[in-house]
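The values are calculated or read from the model by the stated rules, or taken from the named source; none is laboratory data. Model, not experiment: these values are computed from the prediction. Using ideal geometry, Cβ is built from the backbone for each residue, glycine included, and neighbour counts are taken over all protein chains shown.
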Amino acid sequence: MQNQYDPRTTGVNPAATTVGVPRAARDAGLRSYMLSVYNYMASGILLTGIVALLFFNSGFAAQMVGTPLQWVIMLAPLGFVFAMSFGLNRMSTATLQTMFWAFATTMGLSMSSIFLVFTGISIAQTFFAVAAAFMGLSLWGYTTKKDLSGWGTFLIMGVVGLLVALLINLFMQSAAMQMAISAIGVLIFAALTAYDTQRIKSMYAYVAGSDMMGKVVIMGALSLYLDFINMFMFLLNFLGNRE
């Protein structure tokens, strides 16, 4: 999403940061940078999946349902996201990396409950469908010449609207509204995947060779991770077969 680290909203000329750097070197550096982002993101998702499955198989996922611990586990990932976002400038790259792995772990604990609700086949099918969609959308965001920065405000408003709708439906418990929220959520996070990919790519010219590069890689991976997980959860709620 749009933020103070989005170079497309700063008015700074990226060419000024790459004067004298051969194009081949810039392209190789960009590929290495984006590969690092994707590696972090994929490793985080893998860690989340392993933790979720182990926690479910241990029986603890079922035991925590309806207890205060359930809410602690559900809200813990959000705490890590806020801590990483607001503490970015104060944290070292190593600290931010540790926070990312801790976030992915707590997300695994939080997501273990999906195995109590949905069939294993349904979860697997949804995961692979989202993985294929994510790769296509991210590739388009990376290669398109269209400037997607204008989507930022609209998508932020969409996410806020989704959160409000989810809170309202906690009290209404409307199945129809839940289906509508899930369908819209899939579309919003699909668009965010392309938008965030282009935003992360555009940052390279500003952070290449600087101390911020490692941090931007981790935060970029976090953004794509959240896009993937949210798209997965909304699609699972929309199409998943329940136990």
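So the values come out like this:
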| quantity | calculated |
| --- | --- |
| Meets criteria (crowded, with 19+ Cβ neighbours inside 10 Å, over 21 Å from the mean Cα position of the chain (by Cα) and aromatic (F, W, Y)) for F55 | yes |
| Listing of helices (runs of 4 or more DSSP H) fully contained in segment 111-199 that carry 2 or more residues being among the aromatic types (F, W, Y), at pLDDT 95 or above and closer than 22 Å to R242 by Cβ | 120-143 |
| Per-region count, segment 80-132, residues aromatic (F, W, Y) and either touching a strand residue (DSSP E or B) at 6+ places or on another chain (Cβ under 7 Å) or without any contact (Cβ under 8 Å) to a residue 12 or more places away in the chain (or both) | 4 |
| Residues of segment 86-140 that turn out to be touching a Leu at 6+ places or on another chain (Cβ under 8 Å), of a type in the set (V, I, T) and under 18 Å from L53 (Cα atoms), as a count | 4 |
| The one condition in (1) within 15 Å of the chain's Cα centre (by Cα); (2) farther than 24 Å from L137 by Cβ; (3) without any contact (Cβ under 8 Å) to a residue 24 or more places away in the chain that L46 fails to fulfil | (2) |
| Tally of residues being closer than 14 Å to F238 by Cβ, free of Cβ contacts under 8 Å to residues at least 40 places away in the same chain and either surrounded by 16 or more Cβ atoms within 10 Å (Cβ to Cβ) or touching a Ser or Thr at 6+ places or on another chain (Cβ under 6 Å) (or both) across segment 185-220 | 1 |
